[in-house]
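Student: Please see the structure below; I have some questions.
The values are calculated or read from the model by the stated rules, or taken from the named source; none is laboratory data. Note that this is a predicted model, so its numbers are computed, not measured. No Cβ is skipped: glycine too gets one built from the backbone with ideal geometry, and neighbour counts run over all protein chains shown.
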Amino acid sequence: MRNLFFVLVIVSLLLFSVSETFAVSEAAVLFLLISPGARAAGMGEAFVGVADDATAAFWNPAGLAYQKGRELTLMHANWLPQFGSDLFYDFGAYRQSVEGIGTFGVNVTYLNLGKQYYTDETGPDILGEFSSYEFAISGTYGTLLAENWGVGLGLRYIRSNLSDVPVGAERGDGKASAFAFDVATLYKFTFAPKLSFGLNLSNMGPKITYVDADQADPLPTNLKVGFAYKLVDSKFNRLTLTADMNKLMVTRHADGTSDPFYKALLTSPWTIVEKEKQNIGGEDEKVIGESKIFNGILSGGLEYWYSDLIALRTGYYWDKPGKVNYVSFGAGIQYNLYRFDFGYVSAAEGHPLANTMRFSLTMGF
């Protein structure tokens, strides 16, 4: 088993190796990538190496393998408040362990996109309105292959309802359904008991079709890899450091089509080439230099707990290609089997995610 684990680690590291790629990420139903749980939000969305509560169904289903008993988590967030829109995001997850078998979980993700209006082609008169939304229902399972090695699986039904009305000459409308699955692992090192490694490959499945098969879009297959280290682990004080790397494993081919894992084993999906051009004397632009930049997402965070009562959190989220960078803060209060968490995004003024707040409630049974 140990050899198999290190094979998984080596494969993931190969995906991170530096080499050229000109891929452009592209996928549908991107609401599947919105991170649930105010706790993880306060830690810069770096949680795949922790995954020790019911939200593991999203972050790392293998984390369920280490959890016992029953737990319910509920979360609500007004999404993209800078736009003053009526968008909101809800998430609910439940997990329950079964002695001798493992831990099962179920979760629901819902994104409300608000009311939309449609008109005819000749004028601005409103002909009708409809509501847009997307949701996903997932079942997950985690079990231990060894005392320090957990694995997890997830199966997901996805429904996208963007429009009830066909657009132009299109034969279909903005409704579509799809299925996806996840595979994950969470390993706790025996030679360093305070260190854990997590990997989650999520949203794998066939393309989602709104109109016809020729215009189908890939699902947002995503690779998460992360570490967690307990800097302090005493009776009254606990401090955990986390670090994650994220990559959307969907790319556009040179011919314009999209497929997951395009060149993933031949070239690194974690870097892109940024070319510097110069126009001299009216001539065509010439490349005078190029440099490689990281084409994934890095995030890290800290979580401090005092005596299982009060938690303080902070983190940093860095996505250079997407130009999304921010500091996050969070806090938690726990009483008996109940925990209330709050997460806040401190992005620059005018940033779509600025002042985004997440609230979640976790209850044990």
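Student: Residues 287, 324: which one is exposed (fewer than 14 other Cβ atoms within 10 Å of the Cβ) and modelled with pLDDT under 90?
Tutor: 287
Student: Restricted to the range 57-104, and to residues that are in a strand (DSSP E or B) and of a type in the set (Lys, Arg), which residue is surrounded by the most Cβ atoms within 10 Å (Cβ to Cβ)?
Tutor: 95
Student: Quick one: in the range 187-212, of everything that is touching an Asp or Glu at 6+ places or on another chain (Cβ under 9 Å) and of a type in the set (A, V, I, L, M), which residue is modelled with the lowest pLDDT?
Tutor: This residue is 211.
Student: Could you list, in sequence order, all residues of the range 171-204 that are surrounded by fewer than 18 Cβ atoms within 10 Å (Cβ to Cβ), under 22 Å from the mean Cα position of the chain (by Cα) and not aliphatic (A, V, I, L, M)?
Tutor: 177, 179, 181
Student: Quick check on this structure: which one of 113, 127 is buried (at least 17 other Cβ atoms within 10 Å of the Cβ), over 17 Å from the mean Cα position of the chain (by Cα) and at pLDDT below 90?
Tutor: 113
Student: Additional query: Can we say residue 160 is within 22 Å of the chain's Cα centre (by Cα), among the hydroxyl-bearing types (Ser, Thr, Tyr), over 25 Å from residue 195 (Cα atoms) and modelled with pLDDT of 95 or more?
Tutor: Taking the combined requirement at face value, the residue does not satisfy it.
To keep it simple, each residue is scored yes or no on (1) among the polar types (S, T, N, Q); (2) at pLDDT 95 or above.
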residue	(1), (2)
214	no, no
217	no, no
221	yes, no
235	no, no
238	no, yes
253	no, no
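Student: Would you tally the residues in the range 299-318 being under 18 Å from the mean Cα position of the chain (by Cα) and without any contact (Cβ under 8 Å) to a residue 40 or more places away in the chain?
Tutor: 1
Student: Between a residue in the range 231-260 that is within 30 Å of residue 217 (Cβ to Cβ) and surrounded by fewer than 19 Cβ atoms within 10 Å (Cβ to Cβ) and any residue that is modelled with pLDDT under 90 and of a type in the set (D, E, K, R), which pairs come within a Cβ distance under 7 Å, given they are 6 or more apart or on different chains?
Tutor: Final answer for the pair search is 252/26; 253/259.
Student: Can you work out which of the residues in the range 322-365 that are part of a loop (DSSP other than H, G, I, E, B) and in contact (Cβ under 8 Å) with a residue 60 or more places away in the chain is farthest from residue 71 (Cα to Cα)?
Tutor: 350
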